[in-house]
1. Among Arg120, Arg190, rank each residue by its count of other Cβ atoms within 10 Å, from fewest to most, as a rough exposure measure.
2. Rank these for me by crowding, Ile137, Ile129, going from fewest to most other beta carbons within 10 Å.
3. Please order Ser81, Ser138, Ser151, Ser172 by the number of other Cβ within 10 Å, starting at the fewest.
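Taken together, the values in this text are just the output of simple stated rules run on the coordinates, not laboratory data. If you're wondering where the values come from, they're calculated on a predicted model, not measured in any experiment. Note: ideal-geometry Cβ built from the backbone for every residue, glycine included; neighbour counts use all protein chains shown.
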Amino acid sequence: MDASDLETPKVAHMTEPANAPAETKPEPTTLPTKPTFGKPPQVEELVDYYLNRRVAAQVVKLLIHTPLTPNQVSIISMLFSVAAAGCLFACDPHLAALAGGLLYIGIVLDCADGQLARARGGGSLGGRIVDGVCDYISGIALFIGAAWFASVHAPAWTPVPVWALALVAALSTVLHCAMQDGRKNAFLARFVPSFHEGAEPGEVVLKELETARQKKQRLDAAMLRLYLVYLRLQGGLHRPKPTSEPTAAPGWEFKPPARWDLCLIRFWSFLGFTTHLFLLVLACLASPALPYAVFWYLATIAVIANVWMVILLATAGRGRETVSRS
């Protein structure tokens, strides 16, 4: 036996034939994204992504080693917003500027509570409910304060009573936020299924509600009932048309996002709650020089924002048809 007999024999099946079909890579089914501050940037409101969350990240660095819990931060955020509403009740344009500063601190803390929860290992359904309840209390107080301020500082020629305008603006804000949250959660379920924050399935909330009832946790049960109402409002408003094709979320094809999908979710983000509040911050800060600014803020929400929502609703279906034919 010579040395050539000790060589490893060549295996024929290790080489591919020349005419073998090229291996095709599977089409990605999730949105390639690196979440910033814990959330995918595609669903973030621009003022949050470029300003508020960056400021909140510095606040979280200070809070991470303190005994403050995310729920306590949510409550403190609400107190700052209520204090801002109190300043608006004074009907003094200079105190309105102070209200703008207090409200912005509340906005930053509202961003920081979720970031703090994620920094400590993740949030919870209860925490999101507390955050939502605090947001609603803040919103109610701020719109009452803004209406009171605008009733004193409003143009004499206004054709609509200020309180009626404020009521339309407040109800519109609830509608805008529900619509925007619904679109955001549908986008995440379709393109970023690994991201679990957002609207919880109704079955999970019902199970939590039953547990709260058994343990006689009345406050938790009450908040869960409110959360169920909010989820039903979301589902009833943004439920897409049924389809016979297999889907990742009801009514949607499971495929990478088209340019239209990304544009549409960005357009919806302009109706988010933080964007509404940030406009109020700007109106309050401008009040010493422009006393009518808060009045024009209410008019913007009641008229321009609703027109924007109607345009998005009218174009969403056409966009899906165009994408499905391409």
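1. On the way: Arg120 13, Arg190 23.
With the fewest neighbours first, Arg120, Arg190 line up as Arg120, Arg190.
2. Fewest to most other Cβ atoms nearby, the residues stand as Ile137, Ile129.
3. The most exposed by this proxy come first: Ser151, Ser172, Ser138, Ser81.
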